[in-house]
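The values are calculated or read from the model by the stated rules, or taken from the named source; none is laboratory data. Please read these numbers as outputs of a predicted model, since none were measured by experiment. Heads up, the Cβs are rebuilt from the backbone with ideal geometry, glycines too, and the neighbour counts pull from every protein chain shown.
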Amino acid sequence: MKPLEDYLVIDFSQFLSGPSAALKLADLGARVIKIEKPVTGDICRHLYTSNVIMNGESSVFHAINRNKESFAADIKNEADKLQIWQLVKQADVVMHNFRPGVMERLGFDYASVQQVNPSVIYGEISGYGDEGPWKDKPGQDLLLQSLTGLTWLSGNAGGPVPMGLSIIDMLAGNHLAQGILACLLRRTISGEGALVQVSMLESAIDFQFEAITTYYYDGKLPERSEKNNAHAYLGAPYGIYKTGDGYMALAMGSIPQLGTLLGCDALLPYTDVAEAFHKRDEIKAILAGHLLSGTSQKWLDILQKADIWCAEVLSWDKLMAHEGFTTLDMLQQVTMSDGFNYRTTRSPIRIDGELLTSPKGSPKLGEDNQTIIQQLINKHE
């Protein structure tokens, strides 16, 4: 039995942040019902973030909405609205990721929902919180990365570099799931409901807790190295380096020891530990030039025997063919109601040694309406 079996989640959220939180709950066993607009549904169905279309809809929608049900209802239609209220009254969790004020206008804000379901755990993700000059701005991942300083940590010194994932969406989703789970636990003890609020802005700032703590201590903005940067606050050799046939990553290590192991005499004079940071560009330039003279495997064989932290830089095709990946059994095949199937990732959590998997793919828009009406709406009218 999965931990959240018999829990009901009514999810109004769209696109990435809210649906990612709902996916976490679904993989833990909750029944997640997406409330979607008729005809168009979740904007993520057709707002493509890649050029990959699967079964007529966005690949991202399929990845983030597997293991859920879809209930198509017009929230502005009184008959449909009554059906949604029947679901909300029974829900353990109600959640959304609209801008501040939207759910109040629609009538499904926390105060309204709590009146009919006092013990509900109500979760919401906003872009910037419900106060301040940014509260009505669009909560889009790249914009949040840009506003919160995150783009000054990646890449080599120079201009800002964003991360290549919608990282803030996913972080906010994880934070909302954490808050919901904590309040569900408290409810089993006290019976109390709760309002759980997460903003993408706060999630982005929390993500940088190490760097921000350092900044407040020394008052200095992060300075990325000019070459092979991987962390603005770490010295040489920390970074990714091109080799004779690929790339390899080097974490922390003694510069003279690296010089000895790699046969690079030019590194031997850097015996002062502080030089690894203050002269990191100089050191990295020497190291980068030397590593070009051999293959990745040659250097890895030398360094790993000496317990130096290093790794080959793998692309997905090489990663997924490697025993280190296949041993994890991280992929699962899921099937939609029309028979369309696709491979995607599973939950990374194991409970009592068991993987959290589900064969259910993403739902067609409104495909679960009749089942939900029969099981949850008509039953309680």
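Whether any residue in segment 316-330 is out of contact with any helix residue (DSSP H, G or I) (no Cβ under 6 Å at 6 or more places or on another chain), of a type outside the set (Asp, Glu) and surrounded by 13 or more Cβ atoms within 10 Å (Cβ to Cβ) is what I want to check. Yes, segment 316-330 contains at least one residue that is out of contact with any helix residue (DSSP H, G or I) (no Cβ under 6 Å at 6 or more places or on another chain), of a type outside the set (Asp, Glu) and surrounded by 13 or more Cβ atoms within 10 Å (Cβ to Cβ).
Mind counting the residues in segment 51-85 that are farther than 17 Å from Thr371 by Cα and either in a helix (DSSP H, G or I) or in contact with a Ser or Thr (Cβ under 6 Å, 6 or more places away or on another chain) (or both)? Full working, then the answer.
Step one: list which residues in segment 51-85 are farther than 17 Å from Thr371 by Cα, which gives 51-66, 74-79, 81.
Within this subset, residues satisfying the condition of being either in a helix (DSSP H, G or I) or in contact with a Ser or Thr (Cβ under 6 Å, 6 or more places away or on another chain) (or both) are 52, 59-66, 78-79, 81.
Count: 12.
Only one entry of Ser126, Ser119 meets the criterion of being surrounded by fewer than 16 Cβ atoms within 10 Å (Cβ to Cβ), touching a residue at least 40 places away in the same chain (Cβ under 8 Å) and under 18 Å from Ala194 (Cα atoms), and that entry is Ser119.
Can you tell me which residues in segment 161-202 are assigned to a helix (DSSP H, G or I) and under 11 Å from the mean Cα position of the chain (by Cα)?
Here is the first cut: in segment 161-202, the residues assigned to a helix (DSSP H, G or I) are 167-190, 200-202.
Scanning segment 161-202 gives Ile167, Ile168, Asp169, Met170, Leu171, Ala172, Gly173, Asn174, His175.
If you check every pair at least six apart or on different chains, which have Cβ atoms under 7 Å apart with a residue in segment 26-39 that is touching a residue at least 24 places away in the same chain (Cβ under 8 Å) first and a residue that is basic (Lys, Arg) and buried (at least 24 other Cβ atoms within 10 Å of the Cβ) second? From residues that are touching a residue at least 24 places away in the same chain (Cβ under 8 Å), the pairs are Ala26/Lys68; Val32/Lys68; Lys34/Lys68.
Show me the strands (runs of 3 or more DSSP E) found entirely inside segment 301-373 where at least 2 residues are in contact with a His (Cβ under 9 Å, 6 or more places away or on another chain), in the same structural domain as Val32 (by TED's automatic domain parsing) and under 26 Å from Gly41 (Cβ atoms).
Working: elements: 310-312, 331-335, 341-345.
Result: 341-345.
Checking Tyr128, Tyr122 one by one, the residue that is in contact with a strand residue (DSSP E or B) (Cβ under 7 Å, 6 or more places away or on another chain), in a loop (DSSP other than H, G, I, E, B) and more than 29 Å from Phe340 (Cα to Cα) is Tyr128 and no other.
Tell me, which residue of segment 331-381 that is acidic (Asp, Glu) and out of contact with any strand residue (DSSP E or B) (no Cβ under 8 Å at 6 or more places or on another chain) is nearest to Leu319 (Cα to Cα)? Outline the logic, then answer.
Let us first name the residues in segment 331-381 that are acidic (Asp, Glu), namely 338, 352, 354, 367-368, 381.
From what is left, the residues that are out of contact with any strand residue (DSSP E or B) (no Cβ under 8 Å at 6 or more places or on another chain) are 338, 352, 354, 381.
Values: Asp338: 31, Asp352: 27, Glu354: 23, Glu381: 53 Å.
Step by step, filter segment 331-381, then rank; the result is Glu354.
Within segment 329-375, the residues that satisfy the criterion of being hydrophobic (A, V, I, L, M, F, W, C) and over 23 Å from Ala21 (Cα atoms) are Phe340, Ile373.
Considering only segment 182-237, how many residues are of a type in the set (Lys, Arg) and touching a residue at least 12 places away in the same chain (Cβ under 8 Å)?
Here is the first cut: in segment 182-237, the ones of a type in the set (Lys, Arg) are 186-187, 220, 224, 227.
After this cut, where a residue has to be touching a residue at least 12 places away in the same chain (Cβ under 8 Å) as well, the list is 187, 224, 227.
Qualifying residue count for the region: 3.
The condition of being under 22 Å from Pro359 (Cβ atoms), under 18 Å from the mean Cα position of the chain (by Cα), modelled with pLDDT of 95 or more and not acidic (Asp, Glu) does not hold for Ala30.
Within segment 336-381, can you find the residues that are polar (S, T, N, Q) and under 23 Å from the mean Cα position of the chain (by Cα)?
We begin by selecting, within segment 336-381, every residue polar (S, T, N, Q); these are 337, 341, 344-345, 347, 357-358, 362, 369-371, 374-375, 378.
Passing the criteria: Thr344, Thr345, Ser347, Thr357, Ser358, Ser362.
Of the residues in segment 242-255, how many are surrounded by 14 or more Cβ atoms within 10 Å (Cβ to Cβ) and either more than 30 Å from Leu319 (Cβ to Cβ) or of a type outside the set (Ser, Thr, Tyr) (or both)? Spell out the reasoning first.
As a first pass, look at segment 242-255 and keep what is surrounded by 14 or more Cβ atoms within 10 Å (Cβ to Cβ): 242-243, 246-251, 253-255.
With the extra rule that they be either more than 30 Å from Leu319 (Cβ to Cβ) or of a type outside the set (Ser, Thr, Tyr) (or both), the set shrinks to 242, 246, 248-251, 253, 255.
Of the residues in that region, 8 qualify.
When Gln145, Gln140 are checked against the criterion of being touching a Pro at 6+ places or on another chain (Cβ under 6 Å) and surrounded by 15 or more Cβ atoms within 10 Å (Cβ to Cβ), Gln145 stands alone in meeting it. Cβ separations smaller than 6 Å between residues 6+ apart or across chains give the following pairs from segment 130-152 residues that are closer than 16 Å to Asn97 by Cα to residues that are aliphatic (A, V, I, L, M): Gly139/Met200; Asp141/Ile168; Leu144/Ile168; Leu144/Met200; Leu144/Ala204.
Exactly one residue among Lys2, Lys81, Lys89 is modelled with pLDDT of 95 or more and under 24 Å from the mean Cα position of the chain (by Cα), and that residue is Lys2.
Are there any helices (runs of 4 or more DSSP H) wholly within segment 203-291 with 3 or more residues that are under 26 Å from Asp141 (Cα atoms) and hydroxyl-bearing (Ser, Thr, Tyr), and if so which? Give the derivation first.
Details: elements: 209-218, 255-262, 275-278, 280-291.
By residue number, 209-218.
Any idea which of Ile84, Ile43 is assigned by TED's automatic domain parsing to the domain that holds Arg99 and either touching a residue at least 40 places away in the same chain (Cβ under 8 Å) or buried (at least 16 other Cβ atoms within 10 Å of the Cβ) (or both)? Walk me through how you get there before you give the answer.
Working: Ile43 fails: either touching a residue at least 40 places away in the same chain (Cβ under 8 Å) or buried (at least 16 other Cβ atoms within 10 Å of the Cβ) (or both).
Selected residue: Ile84, the only one of Ile84, Ile43 that is assigned by TED's automatic domain parsing to the domain that holds Arg99 and either touching a residue at least 40 places away in the same chain (Cβ under 8 Å) or buried (at least 16 other Cβ atoms within 10 Å of the Cβ) (or both).
Scanning segment 87-105 for residues that are free of Cβ contacts under 8 Å to residues at least 40 places away in the same chain and either in contact with a strand residue (DSSP E or B) (Cβ under 9 Å, 6 or more places away or on another chain) or among the polar types (S, T, N, Q) (or both) returns Pro100, Val102.
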